[in-house]
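For reference, the structure is listed below as structure tokens.
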Amino acid sequence: MTRSLSIFGATGSVGSSTLDLVRRDRDAWDVKVLTANSSAAELAALAQEFGAELAVVADEAHLPALRDALSGSSIEAAGGRDALCEAATRPADMSVAAIVGCAGLGPVMAAIEQGSSVALANKEALVSAGEVMTAAVERTGATLLPVDSEHNAIFQCLQGGAVEDVRWITLTASGGPLRTWSPAELAKATPQQAIAHPNWDMGAKISVDSATMFNKGLELIEAHHLFPVGLDRIRIVVHPQSVIHSMVEYRDGSTLAQLGPSDMKVPIASCLAWPERMETGCEPLDLPAIGSLTFEHPDEQRFPATRLAREAAEAGGAAPGVLNAANEVAVAAFLDGKIGFTRIAVLVEDALNRFAPPAPRSLAEVLCVDEEARAVAASMIETA
Ligand code: NAD
Ligand code: MG
């Protein structure tokens, strides 16, 4: 049976892994929409390879290049943020949300409104929108499948279990490339060092988030929305080998864990095929070659991000959106060489202290909080 598929952020790391899986079984999928931010030539080539119906660049300045590259084909081209959201209203059995940042929220919400299946990699969208998104999922009957490897692991470990029987959800964290660095070394970490992740090959933003531990902070908030066991039952354990992707401990003392290679194709495939299974072509896990699995407590002195995220989640309302927006601005400034590595968390904490708007109740209000929090964070960078 052929299923229709749209991928938002098709040229990125998660988008490419998704398309690799589609290549394995072309007849299973009818590709509808593919999107990118600005890489028009790459997007056009993918749209042609997969016979997409529509290709969209979020940055409208690249629409002429996309049109040129698609001229002579029957593939529609569109550009701009509204076009991105409109593309998400086109019916698709499965939409993969693989845009990075709150920029992906509009299309995610539009896809949820269709009431079909949404495979969510774009954690920033859920962190920013929180209850606005979970309420939309409930109202529309959409199926939200977690692509993030930890949440996909938890989702699998919860199959057949009751949320009331959960004692702990344990999110594992690799600790990132700077896990063992001293505070003095961290202060001098360069973008190149921060994005050199030991286990995962990912986009630049999430790689920096892994190094600061904001990735785990965002994932804590993400887990809190996806698995309603209560924040105090979600904990973080550093597991440098990234073999166990997360765990669920039940009240009888049984802990279920999901293990797998550090390859996003595994959780993506779990979403694409759910509730069935599909081949991924990934190497089987070779546990004797890995040898040992180790675990540590997170060090919130050197990496304050998980504390900040927990506090924002406890505060609720607009706080997680402010945390996310300030982090996005700070990460971009760090990658641009404007601020040092350890300033990222300082800036996020300052933004949370300075800007505490009321809880957003609609998508428009969430986007408004995001925009204002970005302006607050940006002004803090300029005046530093
Ligand atoms: P990436 O930077 O490799 O790709 C991002 C994609 O989004 C690209 O197609 C890009 O063109 C598009 N994009 C970027 N900015 C945009 C904007 N402003 N508007 C519209 N489109 C835009 O990122 P990634 O590593 O694939 O991550 C994507 C999302 O998945 C992130 O939210 C990340 O946290 C999450 N995620 C990624 C991984 C991973 O292994 N890469 C794992 C878990 C979760
Ligand atoms: Mg993850």
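The values are calculated or read from the model by the stated rules, or taken from the named source; none is laboratory data. Values in this document were obtained by computation on a predicted structure and should not be read as measured data. Backbone-built Cβ (ideal geometry, glycine too); neighbour counts: all protein chains shown. Remember, those area values only see protein heavy atoms, side chains included, never the ligands or the DNA or RNA. Shrake-Rupley method; radii C 1.70, N 1.55, O 1.52, S 1.80 Å.
Figures for the structure shown
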{"read-out": "Nonlocal amide H pairs with Asp30, under 5 Å, H built at 1.01 Å", "value": "Arg3, Ser4, Leu5"}
{"read-out": "For the chain: relative contact order, % (alpha-carbon pairs under 8 angstrom, 6 or more apart)", "value": "14"}
{"read-out": "DSSP beta bridge pairing in the chain, given as percent antiparallel to the nearest 5", "value": "30"}
{"read-out": "Loop-located trypsin sites (Lys or Arg not before Pro) in region 313-384 whose Cβ has at most 16 other Cβ within 10 Å (DSSP)", "value": "Lys338, Arg361"}
{"read-out": "Inter-label distance, nm, simple model (7 Å from Cα along the C-beta direction), Arg139/Ser74", "value": "3.7"}
{"read-out": "Average accessible surface area per residue within region 317-384, 1.4 Å rolling probe, Å²", "value": "45"}
{"read-out": "Extension gain (nm, one decimal) between Ser362 and Asp201, 0.36 nm per residue minus Cα-Cα", "value": "54.5 nm"}
{"read-out": "Region 4-70 versus region 239-260: alpha-carbon centroid distance in Å", "value": "35"}
{"read-out": "Accessible area per residue in Å² at 1.4 Å probe, computed on region 151-304", "value": "46"}
{"read-out": "Sulfur and carbon atoms: percent of accessible area, region 296-384 [1.4 Å]", "value": "52"}
{"read-out": "For region 239-248, Karplus couplings with θ = phi - 60° (6.51, -1.76, 1.60), whole Hz, Gly/Pro x", "value": "9, x, 7, 6, 9, 7, 8, 3, 9, 10"}
{"read-out": "Trypsin sites (Lys or Arg not before Pro) restricted to region 216-257 and DSSP loop, no more than 15 other C-beta within 10 Å", "value": "Arg251"}
{"read-out": "HN-Hα J in Hz across region 319-324 - Karplus 6.51, -1.76, 1.60, θ = phi - 60°, x for Gly and Pro", "value": "4, x, x, 5, 4, 5"}
{"read-out": "Rounded FRET efficiency, nearest 0.05, which uses the C-beta distance separating Asp299 from Glu382 and R0 of 30 Å", "value": "0.45"}
{"read-out": "Structure-based [θ]222 nm, the chain - -39500 (n - 2.57) summed over DSSP H runs of at least 4, per residue, nearest 500", "value": "-13500 deg cm²/dmol"}
{"read-out": "Dipole magnitude (debye, nearest 20) for the chain, charges at Cβ of Lys, Arg, Asp, Glu", "value": "380"}
{"read-out": "Heavy-atom SASA rank of Glu222, Glu296 (probe 1.4 Å, accessible area, largest first)", "value": "Glu296, Glu222"}
{"read-out": "Length added when fully stretched, Glu49-Ser292, from 0.36 nm per residue minus Cα-Cα", "value": "83.3 nm"}
{"read-out": "Solvent-accessible area per residue, Å², over region 1-48 with all protein chains present [probe radius 1.4 Å]", "value": "39"}
{"read-out": "Compactness of region 151-304, expressed as Rg and Dmax over alpha-carbon positions, Å", "value": "16.0, 49"}
{"read-out": "Whole-percent carbon and sulfur share, accessible surface of region 86-162, 1.4 Å", "value": "51"}
{"read-out": "C-alpha center-to-center spacing [region 305-384, region 204-228] in angstrom", "value": "14"}
